[in-house]
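A quick write-up on the structure given underneath.
The values are calculated or read from the model by the stated rules, or taken from the named source; none is laboratory data. Everything numeric in this text was worked out from a predicted model, so none of it was measured. In this analysis, Cβ positions are derived from the backbone assuming ideal geometry, glycine residues included, and neighbour counts consider all displayed protein chains.
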Amino acid sequence: MSSSGAATGKTRAWLKPGPGERAFDVFNATLLILLCLVTLYPMYYVICASFSNNIALLTTPGFLPYPRGFNMGAYRLAFSHPLLVSGYKNIMIILAGALPVNIIMTLFCGYFMASSGMLLRKPIIALIMFTMFFSGGMIPVYLNVRSLGLTNTLWALILPTAVSVYNSIICKTAIEAVPDSLKESAYIDGANDVVIVFRIIFPLIMPTIAVLLLYYGVSHWNSWFPATLYIQDNAMMPIQNILRAVLIANSDILNAAVTENDKIDQFAETIKYAAIVITTVPVLCIYPFLQRYFVKGVMIGAVKG
């Protein structure tokens, strides 16, 4: 008993952190806190600036600990901006139409690459991988979209980005982690590949599907360049193009919408920050709901056994 107690005492003494370890913990915690502050302050500054008075904000540059002359006029003006409202509507239509197409196409592509018995599997996979490194170029893609009659429609922002090879590889890795016995038993029961994909594979790789939804959703939300190529009607522009017009402040899109609104001069600076908050908050609100799937979804299939 005494020898056991002595061993326990030695173990506790060994586990007790020394001065060097405590100093490292303090330094590590201080450094991480400073990094968090450096990362979060720009976001905090934008929020404070969006609620500030335009003149007070311009006359007090530098550190902004709180809103200068609290004012919500920039938000009222932003939400009354017809193009911001239409931009939100357009991006929601794009997400509603694009995400189902993205997931279905990625699921089929990943299932094909993960299935060993498919006809001409290796040469087709080689062609798929080829597109990751070489593309047709901007002008051929534009000519292709125009020849299909998709210009000045939201379909031009949905169909050309229907599937991502990188996301398909993530989906393939997750599908390979599903036991082959489940698919073999489904074949014996008379199921075909489509049934297997939606009734067996899809429910078992839901964490990966959640991650792919996040990848595709953020990609569509942040995308602005394709709309500048394919969309001519300002009312059909997605939200990021409207935000870009507001930030540039010399764009024809913004000028066309505010020439009859004399209040724009009162919020020329703060409306930019309000537009950034309005277009960023929705994405930030989605992350907490998908965070628990993020690491698990990407790492599925990374470790065998």
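Here are the numbers:
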item: Selection within segment 200-230 - crowded, with 20+ Cβ neighbours inside 10 Å and over 19 Å from the mean Cα position of the chain (by Cα); result: 201, 205, 230
item: Residue 198 vs. criteria touching a residue at least 60 places away in the same chain (Cβ under 8 Å), closer than 19 Å to residue 104 by Cβ and of a type in the set (Phe, Trp, Tyr); result: no
item: Residue list for segment 134-190, restricted to those being surrounded by 15 or more Cβ atoms within 10 Å (Cβ to Cβ) and more than 30 Å from residue 236 (Cα to Cα); result: 169, 170, 171, 172, 173, 174, 175, 176, 177, 178, 183, 186
item: Total residues in segment 52-76, condition part of a loop (DSSP other than H, G, I, E, B) and touching a residue at least 24 places away in the same chain (Cβ under 8 Å); result: 3
item: Of all residues making up segment 184-241, the number that are out of contact with any helix residue (DSSP H, G or I) (no Cβ under 6 Å at 6 or more places or on another chain), within 28 Å of residue 284 (Cβ to Cβ) and in a loop (DSSP other than H, G, I, E, B); result: 2
item: Residue match in segment 256-266 (condition: surrounded by 13 or more Cβ atoms within 10 Å (Cβ to Cβ) and either modelled with pLDDT of 75 or more or outside any helix (DSSP H, G or I) (or both)); result: no
item: Scan of segment 77-121 for residues that are at pLDDT below 90, surrounded by fewer than 14 Cβ atoms within 10 Å (Cβ to Cβ) and part of a helix (DSSP H, G or I), ordered by number; result: 79, 80, 82
